[in-house]
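Engineer: Got a structure here, written out as structure tokens. Questions coming.
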Amino acid sequence: MNSQSYTDLFTLRGGEYDRAMRLNPSARDQEFLQAIEKVNLTNGMKVIDVPAGGEYLRSFLPDGIIYFPHEPCDTFYRQNNDIASNSLLPLPFEENGADVLFSIAGVHHLEDKTELFNEFFRVLGKTGTLVLSDVREDSKVAKFLDNYVGSNNTTGHQGIFLHSQTASELKKSGFSIISDTIESFYWIFDDILSMGIFCNTLFDIKKVSSKQTVDAIIEYLGIDEFPDGKVGMRWELHTIVARKS
Ligand SMILES: C[S@@+](CC[C@H](N)C(=O)[O-])C[C@H]1O[C@@H](n2cnc3c(N)ncnc32)[C@H](O)[C@@H]1O
């Protein structure tokens, strides 16, 4: 799928994704934190987030960080509604301008990532750091998304996930790899039903009930119940940290 056709597709369900995130804003905290913890963010740094969705990363950044979100689908919330162009590429940022670029859970929608990776390189400053975190090919999460979500949501799901060659692809764009890890963590919910409702809303699952989605989560991913009564849905991303120099 090219970047434009994917964006058209995600525009259809971006509103529901955003609604789920606003109804349950802390469910994915561990996912954002595992990415943030990869870099030392200090006062005055310029941080790009692409694709930013509804700018969820913003609340995890320390005070004094200058945040530049970029989101190609206009069905997501944007704090600054004046941003004119929102096509994914080229990135709407000047060359060598950013200290850190986060890309979380977005690039698996893009078949040819070369231009995007080249753009990541272009907009980062000389000592800039990229944190790319997305679903890994053949992982439980990949199977859950492509098999269960794709069969039951409004748009289908066919991920072009990160794989063993992604780090080499980043090197071709000019990056040096700092770390390349699989990160396991939880999406956290007050109870099991909230987990099903969140996932049905986030992924725009309309063909089955949230109870059926709970069963699928248990089958595909697994859950853990904590002493405080909360429920953790097991989730996993492939996180690559790369430097421009
Ligand atoms: C699962 S959301 C991730 C958003 C946010 N980073 C988060 O973690 O919630 C998927 C994102 O991919 C974005 N997107 C749209 N078109 C894209 C494209 N062609 N390539 C990559 N991402 C795209 C969507 O707009 C959406 O923000």
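Engineer: Look through region 55-97, keep the residues that are away from the ligand (no atom under 16 Å from the Cβ) and small (G, A, S), and return whichever of them is farthest from V131 (Cα to Cα).
Structural biologist: Here the residue is A84.
Engineer: Please determine whether any residue of region 23-30 is surrounded by 18 or more Cβ atoms within 10 Å (Cβ to Cβ), in contact (Cβ under 8 Å) with a residue 40 or more places away in the chain, within 13 Å of the ligand (Cβ to nearest atom) and among the charged types (D, E, K, R).
Structural biologist: yes
Engineer: Can I ask one more? Of everything in region 141-168, what is under 21 Å from F32 (Cα atoms), buried (at least 17 other Cβ atoms within 10 Å of the Cβ) and not β-branched (V, I, T)? Give them in sequence order.
Structural biologist: A142, F144, L145, G159, F161, L162, A167
Engineer: Follow-up question, since we're still on this one. Evaluate region 46-62: report whether one residue or more is at pLDDT 95 or above, under 17 Å from H108 (Cβ atoms) and basic (K, R).
Structural biologist: No, there is no match, as no residue in region 46-62 is at pLDDT 95 or above, under 17 Å from H108 (Cβ atoms) and basic (K, R).
Engineer: Right, here's the next one. Residues of region 147-162 being over 16 Å from the mean Cα position of the chain (by Cα) and not β-branched (V, I, T), which ones?
Structural biologist: The answer is N147, Y148, G150, S151, N152, N153, G156.
Engineer: Still on this structure: Which pairs do you get when a residue that is under 22 Å from T11 (Cα atoms) and near the ligand (Cβ under 9 Å from one of its atoms), found in region 106-124, comes within reach of a residue that is in a helix (DSSP H, G or I) and at pLDDT below 95, reach meaning Cβ atoms under 7 angstrom, with the pair 6+ apart or on two chains?
Structural biologist: Filtered contacts from region 106-124: H109/Y6; H109/F10; L110/S3; L110/Y6.
The values are calculated or read from the model by the stated rules, or taken from the named source; none is laboratory data. Since this is a predicted model, take the numbers as computed values, not measurements. Every residue, glycine as well, gets a Cβ built from its backbone with ideal geometry; the counts of neighbours run over all protein chains shown.
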